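**Student:** Below is a structure I'd like to ask you about.
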Amino acid sequence: MSTAGPSWMRSPAHHQWLADEERRLLAFYEAHALDDRVGYSPLDAAGRPETGADRELWLHCRMIHCFALEHLRGRPGAADIASHGLRTLDEWFADGEDGGWFAALTPDGGIADSAKSAYAHAFVILAGASATQAGLPGGAETLTEALRVVDERFWRADDRAATDACTRDWVLAEPGYRGQNANMHLAEAYMAAAEALDDDRYAVRALHIAERLIDAGARQWRWRVPEHFDAAWRVVPDYNADRPDDRFRPFGSLVGHWFEWSRLLLQLDALLPGRAPWAVDAARELFAAGVADGWDRTRGGVGYSVDFEGRAVNPARMHWVLAEAIGAAVALAGAAGEGEYERWYRAFWDYVARFHIDRRGGGWWHELDEDGTPKGDTWAGKPDLYHALQATLYARSQPGVGLVAAAREGRQS
């Protein structure tokens with residue numbers, strides 16, 4: 001992994017390559033994902049709309065976020081695509097009887113899954129925050145309502161964290177379970193809300209989550225972030241031991257989340273200077289653990305999950321893991337100096353360019369085996385733009401703020 005020549009993170013030529021990849025990704029999703037009926041169609045491995053597939057709330061909100069961001073970046077037509085998603089949230093996903101938003105709809109707007117998920121509701125906050133910053137009609141109303149619903153239904157002040165899932169009428173679906181994944185994305189969403197509303201209260205919420213999950217959690221497990229907890233927030237290390245491929249609650253610790261938290265901690269530190277003096281060191285430790293346990297020194301790439309001794313559980317290569325590793329490398333280079341982070345940044349992009357980018361069919365392969373061959377045991381098709389798009393923007397954005405805030409403030413190339 002040579003670092004000869006100018007820094008890729010600051011190189012105009014590399015920035016042009018990133019911009020070209022950004023445009024390629026957007027063209028792929030613009031052409032195929034927008035559904036005039038209900039929201040957005042997920043795409044199969046060939047990039048064809050899966051017109052018979054359910055519309056999942058979390059994926060839907062990620063698309064709103066992406067195209068609200070692109071509207072701020074000056075992409076014609078992006079506002080219409082994001083606004084279509086906002087209307088679908090209000091007209092189809094919203095539960096007019098019990099409040100909140102349904103987890104999934106059928107392609108014709110029927111209820112496919114009436115559950116209420118903290119994970120998915122975190123993305124409603126993110127979509128509302130991004131649309132608010134982009135000045136899109138309905139964005140502010142979506143954000144206000146999503147914050148209210150999460151505050152009333154999921155947030156637990158005594159725990160300084162959120163519960164995980166409820167039935168349609170807000171009965172806790174699994175009273176004995178608490179999840180890291182939903183809370184991590186809620187921290188991300190709260191920081192976006194703090195930037196959209198210029199209100200530090202939501203950044204403080206994100207800090208509370210980070211204190212529980214990272215400063216008082218991952219630190220105790222040698223920076224291998226625990227994913228699963230009981231109702232008293234005790235780690236359940238063998239949760240789903242027989243399900244390493246579960247889409248949302250797999251056994252083990254997901255290395256991509258270590259990188260994701262590394263990036264989020266540095267954003268949090270910038271939002272609340274001096275409030276989390278441990279954050280920068282923790283971000284370094286999480287990144288170091290991620291490359292130590294996750295990076296395959298023979299074949300390259302980062303394995304999906306490990307156990308709490310660092311042994312591989314699921315060695316598959318997920319596209320989102322390297323996207324988050326890229327974001328963490330950029331954030332740490334800004335906070336702690338380029339050094340080794342430039343080297344890793346290049347290694348991550350080299351792997352993405354060789355294996356994940358599908359230059360024939362478009363988009364990125366979401367899941368590969370250890371040798372880089374596409375597969376779909378956990379993530380079939382190419383339904384998600386969010387991680388790949390953001391990966392093209394990290395090095396072109398002012399560090400310390402969210403990508404949407406950077407676009408809004410003109411601190412993004």
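**Student:** Which whole number in µm²/s is D for the chain by Stokes-Einstein, with the Kirkwood Rh taken over Cα pairs at 37 °C and 0.692 mPa s?
**Tutor:** Taking Rh from Cα pairs, D becomes 155 µm²/s.
**Student:** Something else about it: In the neighborhood of ALA79, defined by Cβ-to-Cβ distances under 13 Å, what is the net charge if each Lys or Arg adds +1 and each Asp or Glu adds -1?
**Tutor:** 0
**Student:** Note down the nm distance, to one decimal, between modelled labels 7 Å out along Cα→Cβ at ARG24 and at ASP199.
**Tutor:** According to this spin-label approximation, the distance is 4.1 nm.
**Student:** Specify the inter-centroid distance of segment 365-409 and segment 328-354, based on alpha-carbon positions, in whole Å.
**Tutor:** A separation of 15 Å, based on Cα centres.
**Student:** If I stretch the segment between SER413 and ARG75 completely, what's the gain in nm (0.36 nm per residue apart, minus their alpha carbon distance), one decimal?
**Tutor:** Using 0.36 nm per residue and subtracting the Cα-Cα distance, I get 120.4 nm.
**Student:** Expected output is a single nm value to one decimal: the length gained when fully extending between GLU141 and ASP238, i.e. 0.36 nm times separation in residues minus the C-alpha distance. What is it?
**Tutor:** 30.8 nm
**Student:** Taking 8 Å as the Cα distance limit and 6 or more residues as the minimum spacing, I'd like the relative contact order of the chain as a percentage.
**Tutor:** The value is 17 percent.
**Student:** Here's a follow-up. Taking 60 Å as R0, compute the FRET efficiency from the Cβ-Cβ separation of TRP278 and ARG360 and round it to 0.05.
**Tutor:** So the FRET efficiency works out to roughly 0.85.
**Student:** Okay, next question. Report the full-extension gain for the segment GLN220 to ASP90: residue separation times 0.36 nm, less the Cα-Cα distance, to one decimal in nm.
**Tutor:** Here the answer is 42.6 nm.
**Student:** When you count, for each residue, the other Cβ atoms within 10 Å and take the mean per peptide, how do 288-294, 215-221, 399-405 rank with the highest first?
**Tutor:** With the highest mean Cβ count within 10 Å placed first, the list reads 399-405, 288-294, 215-221.
**Student:** Further question: Just to confirm my numbers, what's the Cα centroid distance between segment 221-247 and segment 1-40 in Å?
**Tutor:** 33 Å
**Student:** Near ALA161, within a Cβ-to-Cβ distance under 11 Å, what is the net charge of the other residues, with Lys and Arg +1 and Asp and Glu -1?
**Tutor:** For residues surrounding ALA161, the net value is +1.
**Student:** How much mean residue ellipticity at 222 nm does the chain get from its helices, if each DSSP H run of length 4 or more adds -39500 (n - 2.57) and you divide by all residues, to the nearest 500 deg cm²/dmol?
**Tutor:** -14500 deg cm²/dmol
**Student:** Okay, next question. What is the spin-label model distance, in nm, from ARG297 to ARG148 if the labels are put 7 Å beyond Cα along the C-beta direction?
**Tutor:** The two pseudo-label positions are separated by 5.6 nm.
**Student:** Still on this structure: Within segment 145-163, what residues put their amide N at less than 20 Å from the label point 7 Å along the Cα-to-Cβ vector of ALA231?
**Tutor:** 152-163
**Student:** With each label point set 7 Å from Cα along the Cα-Cβ vector, what nm distance links GLN398 and ALA353?
**Tutor:** Distance between the two pseudo-spin positions: 2.9 nm.
No lab work stands behind these numbers, since they all come straight from the coordinates. Please read these numbers as outputs of a predicted model, since none were measured by experiment. Quick reminder, even Gly has a Cβ in these numbers, built from the backbone with ideal geometry, and neighbours come from all protein chains shown.
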